[in-house]
1. I need the calculated FRET efficiency for the pair THR108 and GLU25, taking r as the beta carbon distance and R₀ as 35 Å, to the nearest 0.05.
2. What number, in percent, do you get for the relative contact order of the chain if the mean sequence gap of Cα pairs under 8 Å and at least 6 apart is divided by its residue count?
3. Tell me, in nm to one decimal, what length is gained between TYR122 and LYS91 on full extension, where the rule is 0.36 nm per residue of separation less the Cα-Cα distance?
4. Work through the residues other than PRO35 whose Cβ is under 14 Å from its Cβ and net out their charges, Lys, Arg +1 and Asp, Glu -1.
5. Name the lysines eligible as straight-distance cross-link partners of LYS75: C-alpha to C-alpha under 18 Å, and not fewer than 8 places from it in the same chain.
6. Using the Cα atoms of region 6-142, I'd like the radius of gyration and the largest Cα-Cα distance, Dmax, both in angstrom.
7. Report the full-extension gain for the segment LEU138 to ASN84: residue separation times 0.36 nm, less the Cα-Cα distance, to one decimal in nm.
8. Rounded to the nearest 10 degrees, what's the angle between the helix 57-78 long axis and the longest principal axis of the chain, both from Cα atoms, 0 to 90?
Amino acid sequence: MSQPDCVFCKIVSGLIPSARVYENENVLAFLDIGPIAKGHLLVIPKQHFTSVDSCDPKVLASVAMVLPEIAKALKDAVNVKDYNILCNNGKLAGQVVEHLHFHIIPRTLGDEIRWNWPSAKYPSGEIEKIAARISAKLDSCH
Ligand code: AMP
């Protein structure tokens with residue numbers, strides 16, 4: 001399934017060019033055109049899904065299956081040991097392209113990449129309440 005006005009669907013079909021590094025039946029990986037580090041990759045399912053929670057788990061599994069191999073190749077190719085894998089889901093999370101994708105971002109000593117990650121503390125009793133609310137939505141935790 002593909003969306004006619006989705007830029008990544010157009011990349012999958014070849015309507016828009018991309019610097020492809022990996023492809024199989026279900027998955028495509030290519031260089032991000034606005035890299036925050038040299039080698040910054042995007043790994044996508046070929047089928048159009050907008051987010052992790054709306055994705056067919058089998059399709060998501062096929063992406064996960066190739067992440068280790070792609071991450072290892074990227075590390076060797078750009079000579080880094082460390083990297084982030086990042087997946088923005090929804091506008092408030094910073095998602096601009098509404099086709100599920102995983103960024104793989106090589107990290108180097110002294111790079112200027114910083115995540116705005118203000119850590120908070122739960123008031124007493126709150127962590128148990130939140131955990132219970134989430135697990136109540138998950139069949140496998142009952
Ligand atoms: P996100 O903010 O997670 O939706 O990230 C979307 C990413 O897609 C950005 O890092 C863009 O630089 C990248 N991007 C957008 N258009 C293209 C394209 N035609 N080829 C490669 N990367 C793209």
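Here, each number is a calculation from the coordinates, and none is a lab measurement. Everything numeric in this text was worked out from a predicted model, so none of it was measured. Cβ atoms come from the backbone with ideal geometry, glycine included; neighbour counts cover every protein chain shown.
1. Once rounded, the FRET efficiency stands at 0.55.
2. This gives 22 percent for the chain.
3. Taking 0.36 nm per residue and subtracting the Cα distance, the gain is 8.6 nm.
4. -1
5. LYS38
6. So, for region 6-142, Rg and Dmax equal 17.4, 54 Å respectively.
7. Extra length available between LEU138 and ASN84 comes to 16.7 nm.
8. Helix 57-78 and the main axis of the chain meet at about 60 degrees.
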